[in-house]
Amino acid sequence: MCGIVGISAQRDVTSDLLSGLKALEYRGYDSAGIALLTERGMQRLRAKGKVRDLQSLQAQTRLSGVVGIAHTRWATHGVPSEANAHPHVSGDGLSVVHNGIIENHAELRAELQAAGFSFTSQTDTEVIAHLVEQLQRNGAGLLEAVTAATKRLHGAYAIVVMSAREPGLLVGARRGSPLVLGYGDDENYLASDIHALLPLTRRFVYLAEGDVVELRRDGVRILDERGASVERPVKESSFSLDAVERGEYRHYMLKEIHEQPQSVADTLEGRISGGRVLPGIFGSGADEILAKVKQVQIIACGTSFHAGLVARYWIESLAGIPCHTEIASEFRYRQPVVAPDTLFITISQSGETADTLAALRMAKERDYAARLAICNVPEASLVRESDLVLMTRAGPEIGVASTKAFSTQLSALALLALRLAETRGIDAQRYAAAIADLEVLPGLIRDALQLDAEIKSLAEQFVDKQHALFLGRGTQFPIALEGALKLKEISYIHAEGYPAGELKHGPLALVDETMPVIAVAPNDALLDKLKSNMEEVRARGGQLYVFCDTRIRHGMGEGHVLELPACGEIAAPVLFNVPLQLLAYHVAVLRGTDVDQPRNLAKSVTVE
C-alpha cells in the first residue's frame, strides 16, 4: 500500500525521489510528501492528492538536496490530509516515513505528550519520529536511536529515518512490512518496492525480518534483529523498465489483461513436457512430500482466495484428496485442527500480504507436512519463509485489480493438482486431456481477447446500473466471485457472485428488469443445471448476459450471448475469467473511474 523511497548521494536527488513515488502509485495512496536535507536544514513538502500535486509544489519552491526521503500514504490512522501526510518530523531536523501500523501508538503518544512532545497529526507514525528524537536528545546516535525505538513498537513497520544531526545518513528498519536496499555508484537507496528504483539500479538486497540498515552514499551496514552485523545476498533484478510502462495501452489493467497469453505460457514453460507435469518443479524434496500428502489447506486473500477455491475443485476431483480453502484473515485467528500429512499452501501475488504472511507464520508452528507458496515475486517474504515454492512468472502487475496474476496462479495450481493426481494414479486418459488443455491455454486466451470490441459495446448497457449478479457452478462459481469482485473494484457497481443453485435461497428476490445477471457457461457436466437457473432469471424479467462455450451456443436461449472457444475442464476457469475482466474494465472506463488506482484500495495489502 504506502510507498517509501530514500536516497543518499552527492547530487540533487529530488527528481529521483519524486519519480520513485510515481513508480509506486499503483500501490494506492491518498497523499504524498518529501523531506530533504538542504543547506538550510531539513525541509519538507506534503500534499493531499496525487504525486503530481507534490511535484507542482516542488516546482514552485525549487526544493532540492543530496539526501532525502519520500512517501505515498494510504490512510489508516487519520483522514487523508496534508497534516497526516508523511514524512513526519520531530525537533529541528528529524524526519521519518513509515509503512504499516503501530498497534501501541496510543500508549506511546500519551507517554511522549507527558514528556513534552506536541503532536500535529492523527497518525500512528508521528510517535516514531518523537520517540527517535527523544532518544537522540538523550545522547544516542541515529542508528542507536532507531534500533532502540523499534524495540518499543508493536505491530508492522518499514521505516526510513533522516536527521540533520547526521547529514548524509539514512536509517531503515523493517518488521512485517517489506523494505528493499538498492546499491548504486557512490550512492545508495531504500524503498518499499524495487519498482521505485529500477531506473537507478538493478542490484538489490531484500532486508530480512527485524533488520536495521545504516545507509550512506559510500557505504551500507546491515544489522539483524540481535544487533549483529550481517551480509544479505545481493540480487540482480531481471525486471525491465518496459514491463512497468503502459506502452500503447490506456491503462495498466488493459495492458495486463492482454499480457495473459504470454504470462500463462511463461508460467507453464519448462514445467510440462512429454505429456506430463515435470518432477522437481516445486523445489528440492517436493515430490517425496507430495506423494505422502493426505489433505491440503489453502490460505489466501481477495483474488488469490478465488484462485484457491478453483484449486479446491481440481485437487479433490483430480487427486481425490480433501482440500480446504480459507480466507487468511479468518484462518489466522482461529485454532485449526491439523490432520496428519496436510500440505499448507499460501497464494499471493506480492508475497507480502499481511494476513497471508501471518497465517504462514502460524502454520510454521504447527505440524504441517510442508508449506508451499504460490507467488509472483521471487524475493518476497512469503517465498523466503516457505519450504516449497512455485513462481507464477506473471511479471510486474501494476493495476490494483489483479488480472494476469490470477490467470498465472490458476495455471500454477493446475500444475500442482495434476502433480498430486499423478502420484495417486489418475486415469491416464483424463490426465492426458488435462495436460493438453494446459498446452493450448495461452492460445485460447488469445482467442478470447478477440471479444474485446464486442464486450466494449456490451459494457454500455451496464453504465447506469447499480447492482449486478454473477452466476456459476462448479469451478465457475469462484470465477463468478472473481467477476463480481472486478466489477465492484473498478466501476463501483455493487456486484455479487453466487453459485447458481443458490438463486432460490435468497438472491432471486433481487432479480428484476433492472438487474443484470451474468452467467458463465462452459460445456461441462453442470450445464443442464445452469440452464435451469438461467430460466429462473428469465421468468423474473432479469437481464441475462451469458458467456458460453461455442459448442453450446444454440442451447442458450434468449438474451445477450457471447461465445468463447471450446475448452476442457482445466482451461475453462482461466478462459471464462478473461471476458469478465474485459467487461469490468470497459464499464469502469465508461463510468469515468480511476481504473488502475480505484478509490480506497491498495495493490499490496501489508497491514491488517
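The values are calculated or read from the model by the stated rules, or taken from the named source; none is laboratory data. Not measured: the values here are computed from a predicted model. For neighbour counting, all protein chains shown are included, and Cβ atoms are generated from backbone atoms with ideal geometry for every residue, glycine included.
Here are some notes:
- Residue match in the stretch 531-542 (condition: among the polar types (S, T, N, Q) and part of a helix (DSSP H, G or I)): yes
- Hits in the stretch 357-384 - residues which are modelled with pLDDT under 95 and hydroxyl-bearing (S, T, Y): S381
Residue-wise test of (1) crowded, with 17+ Cβ neighbours inside 10 Å; (2) more than 23 Å from the chain's Cα centre (by Cα); (3) under 30 Å from S329 (Cα atoms); (4) not aliphatic (A, V, I, L, M).
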position	(1), (2), (3), (4)
A539	no, yes, no, no
Q543	yes, yes, no, yes
I552	yes, yes, no, no
G557	no, yes, no, yes
L564	yes, yes, no, no
G568	yes, yes, no, yes
A572	yes, yes, yes, no
V578	yes, no, yes, no
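- Residues (outside any helix (DSSP H, G or I), crowded, with 20+ Cβ neighbours inside 10 Å and of a type in the set (F, W, Y)) located in the stretch 324-354: F344
- Test result for K465, of a type in the set (D, E, K, R) and surrounded by fewer than 19 Cβ atoms within 10 Å (Cβ to Cβ): yes
- Top-ranked residue of the stretch 499-536 - restricted to ones that are small (G, A, S) and farther than 23 Å from Q581 by Cα, ranked as surrounded by the most Cβ atoms within 10 Å (Cβ to Cβ): G501
- The strands (runs of 3 or more DSSP E) found wholly in the stretch 38-155 and carrying at least 2 residues that are surrounded by fewer than 23 Cβ atoms within 10 Å (Cβ to Cβ) occupy 41-48.
- Only residues that are out of contact with any helix residue (DSSP H, G or I) (no Cβ under 7 Å at 6 or more places or on another chain), surrounded by fewer than 24 Cβ atoms within 10 Å (Cβ to Cβ) and assigned to a strand (DSSP E or B) were counted across the stretch 189-212, and they come to 3.
- Selection status of V400, more than 29 Å from L24 (Cβ to Cβ) and not in a helix (DSSP H, G or I): no
- Flag not set for L63, criterion: modelled with pLDDT of 95 or more and either closer than 24 Å to G210 by Cβ or touching a helix residue (DSSP H, G or I) at 6+ places or on another chain (Cβ under 7 Å) (or both).
- One residue stands out in the stretch 469-505 among those that are of a type in the set (D, E) and closer than 18 Å to S304 by Cα: the one that is farthest from the chain's Cα centre (by Cα), namely E496.
- The set of residues in the stretch 512-537 that are out of contact with any strand residue (DSSP E or B) (no Cβ under 7 Å at 6 or more places or on another chain) and either touching a residue at least 60 places away in the same chain (Cβ under 8 Å) or not charged (D, E, K, R) (or both) comprises T514, A525, L526, S532.
- Residue pairs meeting the criteria (Cβ under 9 Å; at least 6 apart or on separate chains; first farther than 28 Å from Y252 by Cβ and free of Cβ contacts under 8 Å to residues at least 40 places away in the same chain, in the stretch 558-586; second assigned to a strand (DSSP E or B) and among the acidic types (D, E)): E563/D549
- Total residues in the stretch 445-468 satisfying the condition of being within 27 Å of the chain's Cα centre (by Cα) and basic (K, R): the figure is 2.
- Members of the stretch 482-532 that are touching a helix residue (DSSP H, G or I) at 6+ places or on another chain (Cβ under 6 Å) and among the acidic types (D, E): E482, E496
- Residues of the stretch 369-389 classified as without any contact (Cβ under 8 Å) to a residue 40 or more places away in the chain, assigned to a loop (DSSP other than H, G, I, E, B) and among the small types (G, A, S), total: 0
- Which listed residue is part of a strand (DSSP E or B) and not hydroxyl-bearing (S, T, Y), from I315, I289, I321, I299: I299
- Across the stretch 242-268, the qualifying residues are those that are among the small types (G, A, S) and over 17 Å from C375 (Cα atoms), and the one among them that is surrounded by the most Cβ atoms within 10 Å (Cβ to Cβ) is A243.
- Selection count where residues are under 11 Å from L153 (Cα atoms) and of a type in the set (D, E), scope the stretch 95-118: 2
- Annotation: of all residues in the stretch 213-238 being buried (at least 16 other Cβ atoms within 10 Å of the Cβ) and acidic (D, E), the one that is nearest to L153 (Cα to Cα) is E225.
- Qualifying positions in the stretch 247-286 - part of a loop (DSSP other than H, G, I, E, B) and closer than 21 Å to R430 by Cβ: R271, G274, G275, L278, P279, I281
- A509 vs. criteria within 26 Å of S317 (Cα to Cα), out of contact with any Cys (no Cβ under 9 Å at 6 or more places or on another chain) and in a helix (DSSP H, G or I): no
- Under the condition of being among the acidic types (D, E) and under 24 Å from the mean Cα position of the chain (by Cα), the residues counted in the stretch 305-327 number 1.
- Scan of the stretch 78-134 for residues that are over 27 Å from the mean Cα position of the chain (by Cα) and at positive phi, ordered by number: G91, G116
- Condition check for R366: basic (K, R), outside any helix (DSSP H, G or I), in contact with a Leu (Cβ under 7 Å, 6 or more places away or on another chain) and within 22 Å of F305 (Cβ to Cβ): no
- Members of the stretch 36-50 that are farther than 21 Å from M162 by Cα and of a type outside the set (D, E, K, R): G49
- Within the stretch 189-201, residues that are more than 20 Å from R175 (Cβ to Cβ) reach partners that are of a type in the set (F, W, Y) with beta carbons closer than 7 Å, at six or more positions or on different chains, in the pairs L197/Y189; L198/F239; L200/Y189; T201/Y183; T201/Y189.
- The stretch 265-288, residues that are in contact with a Leu (Cβ under 7 Å, 6 or more places away or on another chain) and not basic (K, R): L268, I272, V277, I281, F282, G283, A286
- Residues that are surrounded by fewer than 23 Cβ atoms within 10 Å (Cβ to Cβ), aliphatic (A, V, I, L, M), touching a residue at least 60 places away in the same chain (Cβ under 8 Å) and touching a Phe, Trp or Tyr at 6+ places or on another chain (Cβ under 9 Å) are absent from the stretch 269-288 altogether.
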